[in-house]
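The values are calculated or read from the model by the stated rules, or taken from the named source; none is laboratory data. Keep in mind it's a predicted model, so treat the numbers as computed, not measured. Using ideal geometry, Cβ is built from the backbone for each residue, glycine included, and neighbour counts are taken over all protein chains shown.
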Amino acid sequence: MYSSIAEILEQSGNNKKTFWEVVMEADMESRDVSREESRQKMEQLLDVMRDADQSYEGELKSASGLSGGDGKLLEAYNQAGKNLCGYFMGKVMERAIKMGESNACMKRIVAAPTAGSCGVIPAVLLSYEEYRNVPKDELINAMYVAAGIGKVIGESASIAGASGGCQAEIGTASAMAAGALAYLQGGGSEEIANAMALALKNMLGLACDPVGGLVEVPCVKRNSHGAVNAVASAQIALAGVKSAISPDDVIDSMRRIGSEMPVSLKETGKGGLATSESAKRICECTAGGFCFGK
Amino acid sequence: MEIFDIIGPVMVGPSSSHTAGAVRIGYVASRLLGEKVKEAEIFLYGSFLDTGKGHGTDKALVAGLLGMKPDDYKIASSLEIAERENIRIEFGESKLPEAHPNTAELILRGESGNTIDVVGESVGGGRINIAKIDGIDTNFSGECPTLIVHNLDQPGHVSEVTSMLAHKSVNIASMQLYRSHRGGRAVMVVECDQEIPQDGIDWLTHVEGVLKVTYFEGSAE
């Protein structure tokens with residue numbers, strides 16, 4: 001069992017276990033399930049992520065009309081050979097936006113850690129799978145790495161935009177994906193922890209200011225940015241760069257920032273982007289589209 | 001918190017609280033009614049009212065009433081399905097004076113005329129709390145096997161229920177008791193670690209002083 005990143009590192013160091021083994025064994029103990037049962041459940045979630053990725057529909061629009069079709073644009077740009085940042089990163093961005101749009105359009109996704117941030121982890125994992133052709137077992141291990149990081153953040157800080165702002169949602173997803181990617185690329189527990197810390201640090205303070213209170217603007221596109229941040233953080237950590245602030249201190253900083261953040265920036269639609277002139281125009285254009293009885 | 005609260009649940013978007021949680025509220029409410037829903041009046045409060053349409057909260061609640069779980073592909077077309085099945089659905093603004101920001105009150109009438117009034121709250125991450133049943137305060141999630149017994153407020157009913165559970169080797173996770181007033185109507189909400197066998201439920205329904213027994217096995221993802 002663990003309640004901090006430091007405890008995962010300690011347990012993986014002393015017993016010569018990997019990061020994912022510590023997380024998986026804690027799950028087996030906590031839910032009283034076998035290794036196979038635990039892994040099967042994780043595998044099912046990976047399969048749903050893959051289904052959701054493959055069943056993207058570029059023609060769909062969300063109920064508000066604010067989301068849909070952007071993933072198709074990114075796909076076309078990637079296919080046109082104009083990709084600015086390499087094949088892998090291009091696909092990560094495309095997949096993240098597609099998943100965010102699928103969520104907005106009421107398709108089936110895996111909340112990871114939330115529905116609004118559901119694109120980050122599958123974008124990174126599935127693109128890496130395609131890029132490096134890694135075995136499924138490795139991807140499942142990477143999901144345990146991500147889940148362990150997310151669990152510590154969820155218990156020590158928050159994964160809800162309403163209590164911690166977007167740093168708690170896209171920020172957590174990005175930190176989880178960074179750790180998972182560092183693992184897949186051969187990093188040990190230290191590199192995983194540094195990747196996670198670097199990713200979360202860069203997301204600190206991010207407000208949750210959705211237009212009309214809907215999980216659409218800016219959430220869908222932030223999935224792409226959270227995923228890119230995860231890849232950047234993994235690469236920096238794998239190169240041997242260390243976070244000057246310990247992973248648990250970064251998480252605690254996120255918690256403190258979240259509690260100091262005004263309510264207007266915590267999923268109320270009452271500040272930030274949500275109250276911009278553009279947002280007001282959007283809401284006027286779709287008047288009656290969001291709410292009942294108004 | 002388990003790791004599968006972090007990665008998961010599998011759900012239809014866009015919002016764990018406004019969509020997945022709303023499906024669960026509808027699902028649990030219809031299970032509490034105990035029969036096929038024929039008419040539903042649904043009153044929305046707070047953020048459910050303000051952003052519900054954009055989040056598909058209306059479709060989600062109705063999907064739950066139809067027996068769907070939060071990961072059902074058909075959630076987006078639940079209103080059409082309800083219409084085809086001749087289920088009358090009406091939406092309105094909740095008049096609750098104070099409530100959790102994501103609250104829905106569902107007044108349901110079933111095929112054989114049973115009615116129930118359920119107030120459900122979506123408390124985040126797709127998790128819910130049932131806050132009132134027929135005007136009596138309650139507090140349960142519907143995640144584990146749950147037994148709800150309406151009985152007259154008389155001595156002995158708690159022990160009848162707990163003895164039955166002990167006899168069936170069912171462990172109680174939590175137990176709450178509520179009543180309208182002394183000697184009036186009481187409600188017992190028992191959350192369990194194991195499922196309760198049907199014959200145990202059947203036995204309870206025949207106990208004198210027990211008015212109504214509702215059981216559901218817990219709404220999984």
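Scanning segment B:3-27 for residues being surrounded by 24 or more Cβ atoms within 10 Å (Cβ to Cβ), in a helix (DSSP H, G or I) and not charged (D, E, K, R) gives a total of 13.
Of the residues contained in segment A:21-35, none is found to be without any contact (Cβ under 8 Å) to a residue 24 or more places away in the chain, among the polar types (S, T, N, Q) and in a helix (DSSP H, G or I).
Consider segment B:1-50. How many of its residues are among the hydrophobic types (A, V, I, L, M, F, W, C), in contact (Cβ under 8 Å) with a residue 40 or more places away in the chain and under 30 Å from A:T172 (Cα atoms)? Before the answer, list the steps.
Taking segment B:1-50 and keeping what is among the hydrophobic types (A, V, I, L, M, F, W, C), we get B:1, B:3-4, B:6-7, B:10-12, B:20, B:22-23, B:25, B:28-29, B:32-33, B:37, B:40, B:42-44, B:48-49.
Next, from what is left, pick out any that are in contact (Cβ under 8 Å) with a residue 40 or more places away in the chain: B:10-12, B:20, B:22-23, B:25, B:28-29, B:32-33, B:37, B:40, B:42-44, B:48-49.
Those still in the list that are under 30 Å from A:T172 (Cα atoms) too: B:10-12, B:20, B:22-23, B:25, B:48-49.
The total comes to 9.
The condition of being touching a helix residue (DSSP H, G or I) at 6+ places or on another chain (Cβ under 9 Å), more than 27 Å from B:P14 (Cα to Cα) and touching a residue at least 24 places away in the same chain (Cβ under 8 Å) holds for only one of A:V220, A:V250, that being A:V250. Take B:E93 and tell me if it is in contact (Cβ under 8 Å) with a residue 12 or more places away in the chain, surrounded by fewer than 19 Cβ atoms within 10 Å (Cβ to Cβ) and either at the interface with another protein chain (Cβ under 8 Å from one of its Cβ atoms) or not charged (D, E, K, R) (or both). When the stated conditions are applied, B:E93 passes them.
Can you tell which of B:K38, B:K59, B:K74 is outside any helix (DSSP H, G or I) and either in the same structural domain as B:K212 (by TED's automatic domain parsing) or among the charged types (D, E, K, R) (or both)?
Details: B:K59 fails: outside any helix (DSSP H, G or I); B:K74 fails: outside any helix (DSSP H, G or I).
B:K38 is the lone residue from the list that is outside any helix (DSSP H, G or I) and either in the same structural domain as B:K212 (by TED's automatic domain parsing) or among the charged types (D, E, K, R) (or both).
Quick check, is A:Y144 hydroxyl-bearing (S, T, Y), within 11 Å of chain B (Cβ to nearest Cβ) and assigned to a helix (DSSP H, G or I)?
It is true that A:Y144 is hydroxyl-bearing (S, T, Y), within 11 Å of chain B (Cβ to nearest Cβ) and assigned to a helix (DSSP H, G or I).
Across segment B:1-49, the qualifying residues are those that are among the aliphatic types (A, V, I, L, M), over 12 Å from B:K69 (Cα atoms) and out of contact with any Leu (no Cβ under 7 Å at 6 or more places or on another chain), and the one among them that is farthest from the other protein chains (Cβ to nearest Cβ) is B:L32. Within segment B:96-105, the set of residues being part of a loop (DSSP other than H, G, I, E, B) and away from chain A (no Cβ under 12 Å) comprises B:L96, B:P97, B:E98, B:A99.
Tell me, please, whether a residue that is farther than 28 Å from A:E7 by Cβ and either of a type in the set (D, E) or touching a Gly at 6+ places or on another chain (Cβ under 7 Å) (or both) can be found in segment A:29-48. Checked against the condition, which is being farther than 28 Å from A:E7 by Cβ and either of a type in the set (D, E) or touching a Gly at 6+ places or on another chain (Cβ under 7 Å) (or both), segment A:29-48 yields at least one hit. Residues in segment B:148-191 that are surrounded by 19 or more Cβ atoms within 10 Å (Cβ to Cβ) and either aliphatic (A, V, I, L, M) or not assigned by TED's automatic domain parsing to the domain that holds B:L211 (or both): B:I148, B:V149, B:V161, B:M164, B:L165, B:V170, B:A186, B:V187, B:M188, B:V189, B:V190. Only one of the numbered conditions (1) at pLDDT below 95; (2) under 30 Å from B:K59 (Cα atoms) is violated by A:K16, and that is (2). Checking each residue in segment B:61-83 for being surrounded by 24 or more Cβ atoms within 10 Å (Cβ to Cβ) and over 17 Å from B:K38 (Cα atoms) picks out B:P70, B:I75.
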